[in-house]
Structure formats: structure tokens, C-alpha cells
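**Q** Got a structure here, written out as C-alpha cells. Questions coming.
The values are calculated or read from the model by the stated rules, or taken from the named source; none is laboratory data. Everything numeric here is computed off the predicted structure, so don't read it as measured data. When we count neighbours, we look across all protein chains shown, and the Cβ atoms used for this are built from the backbone with ideal geometry, even at glycine.
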Amino acid sequence: MNQIYSSIPRLILGRTSTVFRKQSVRSLETGPKGTYIAKHIPAFVQLEEGKKYSWCKCGLSKKQPFCDGAHKTTDMKPLRFRAEATKKVLLCQCKQTNNQPYCDFTHVSVMFQTAGKRVGKMFGK
């Protein structure tokens, strides 16, 4: 996520001053599978044996890699799974993996594809 600062005019002691506040801005970039790319790197998380998890499939959740209900504006549903063992795993955040919810390093090729698109746009292609 990119962070920008927006100015907010405020009336303080009869004078207008500018107060800066941090805002988060997401680029809604779509991948080859048509889902939004939350991040180009996987999340290294600790899963607990027997615990149920909901992995975000749409890429819109602000609690990546897990679901926060943001998919309700789409036709997608989260992937619900139960951890088979307590261990640390890489969960996909680019949403292009063929081994959902686990990272299969597809994000590497996705990074090159999206970078290529950006360069093409810069040169009018």
C-alpha cells in the first residue's frame, strides 16, 4: 500500500491551519486469474493445528491474507480450511497461486507481468 498525506483544513483559534494525516491508498491491480492482487509477496504466518481459517480469495481484505468480509461486493467467497498441523507457512497474497491458500511462488511471474504492463503503458504500448 502506498501512503499519502492529505491536508485537512481546520479552524483553530479563529485561523485556518493545515493538519496532515496519513492515509492508505491501495492500487487495485488485477492478476491473470482476474482477482485483485493484495500484495506481491506471501505472508509468513503461524497456523495452529485444528483451527479453522478463512483465506481471502478476492484480494480486497484489509486483514490479508485472511478474509474480513470485503468480498461481499464480489461474486467470490473465501477459502475456508483447517490447519492440519501447528506450523509456519507461506500464504499467498497475490491470489494467483495454483495451490490455494499456500504460496507456490506464482507471485514472481506476476511481478514480471505487471511490471511489463506498466513499462508498456509508459511507452504507449
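**Q** Please count how many residues of segment 44-68 are more than 11 Å from the chain's Cα centre (by Cα) and loosely packed, with under 13 Cβ neighbours inside 10 Å.
**A** The initial filter retains those residues of segment 44-68 that are more than 11 Å from the chain's Cα centre (by Cα), namely 44-55, 68.
The next check asks that each one be loosely packed, with under 13 Cβ neighbours inside 10 Å; those that pass are 44, 46, 48-52.
The total comes to 7.
**Q** Go through segment 44-76 and give me each residue that's assigned to a helix (DSSP H, G or I) and either of a type in the set (Ser, Thr, Tyr) or under 14 Å from Leu91 (Cβ atoms) (or both). Please lay out each step first, then the result.
**A** First pass over segment 44-76, keeping only residues assigned to a helix (DSSP H, G or I): 70-73.
Thr73, the sole residue that qualifies.
**Q** OK, next. Could you run through segment 77-99 and say how many residues are assigned to a loop (DSSP other than H, G, I, E, B) and either under 15 Å from the mean Cα position of the chain (by Cα) or of a type in the set (Phe, Trp, Tyr) (or both)?
**A** Number satisfying all stated conditions: 7.
**Q** So, in segment 93-102, of the ones that are of a type outside the set (S, T, N, Q) and modelled with pLDDT under 95, which residue ends up nearest to Gly34 (Cα to Cα)? Even if it seems obvious, please write down each step before you answer.
**A** In the first step, residues of segment 93-102 are kept if they are of a type outside the set (S, T, N, Q); the result is 94-95, 101-102.
Right, trim to modelled with pLDDT under 95 and you get 94-95.
Details: Cys94: 11, Lys95: 9 Å.
Per the criteria, the residue is Lys95.
**Q** Related question: I'd like the residue in segment 27-43 that is assigned to a loop (DSSP other than H, G, I, E, B) and touching a Lys or Arg at 6+ places or on another chain (Cβ under 8 Å) and, out of all such residues, is surrounded by the most Cβ atoms within 10 Å (Cβ to Cβ). Lay out the reasoning, then the answer.
**A** Let us first name the residues in segment 27-43 that are assigned to a loop (DSSP other than H, G, I, E, B), namely 27-29, 31-35, 37-42.
Then keep just the ones that are touching a Lys or Arg at 6+ places or on another chain (Cβ under 8 Å); that gives 31, 33, 35, 37-38.
Values: Gly31: 20, Lys33: 15, Thr35: 19, Ile37: 22, Ala38: 24.
So, considering only residues that are assigned to a loop (DSSP other than H, G, I, E, B) and touching a Lys or Arg at 6+ places or on another chain (Cβ under 8 Å), the one surrounded by the most Cβ atoms within 10 Å (Cβ to Cβ) is Ala38.
**Q** Being surrounded by 13 or more Cβ atoms within 10 Å (Cβ to Cβ) and modelled with pLDDT under 95 is the filter here, so list the residues in segment 70-91 that pass it.
**A** First pass over segment 70-91, keeping only residues surrounded by 13 or more Cβ atoms within 10 Å (Cβ to Cβ): 70-71, 74, 76, 78-79, 81, 83, 89-91.
Selection gives Ala70, His71, Thr74, Met76.
**Q** So which residues in segment 37-55 are touching a His at 6+ places or on another chain (Cβ under 7 Å) and either over 17 Å from Asn98 (Cα atoms) or of a type in the set (A, V, I, L, M, F, W, C) (or both), if there are any at all?
**A** Kept after step one, since they are touching a His at 6+ places or on another chain (Cβ under 7 Å), are these residues of segment 37-55: 40-42.
Hit for segment 37-55 is Ile41, nothing else.
**Q** Any residue in segment 68-79 that's within 13 Å of Tyr53 (Cα to Cα): show its pairings with residues that are among the hydroxyl-bearing types (Ser, Thr, Tyr) and buried (at least 17 other Cβ atoms within 10 Å of the Cβ) at Cβ separation under 6 Å, as long as the two are six or more apart or on different chains.
**A** Qualifying pairs under 6 Å: Asp68/Ser61; Pro78/Ser54.
**Q** How many of the residues making up segment 16-60 are touching a Phe, Trp or Tyr at 6+ places or on another chain (Cβ under 8 Å), at pLDDT below 90 and more than 21 Å from Ser109 (Cα to Cα)?
**A** 4
**Q** Out of segment 39-60, which residues are of a type in the set (A, V, I, L, M) and more than 15 Å from Thr86 (Cβ to Cβ)?
**A** Taking segment 39-60 and keeping what is of a type in the set (A, V, I, L, M), we get 41, 43, 45, 47, 60.
Residues satisfying the conditions are Ile41, Ala43, Leu60.
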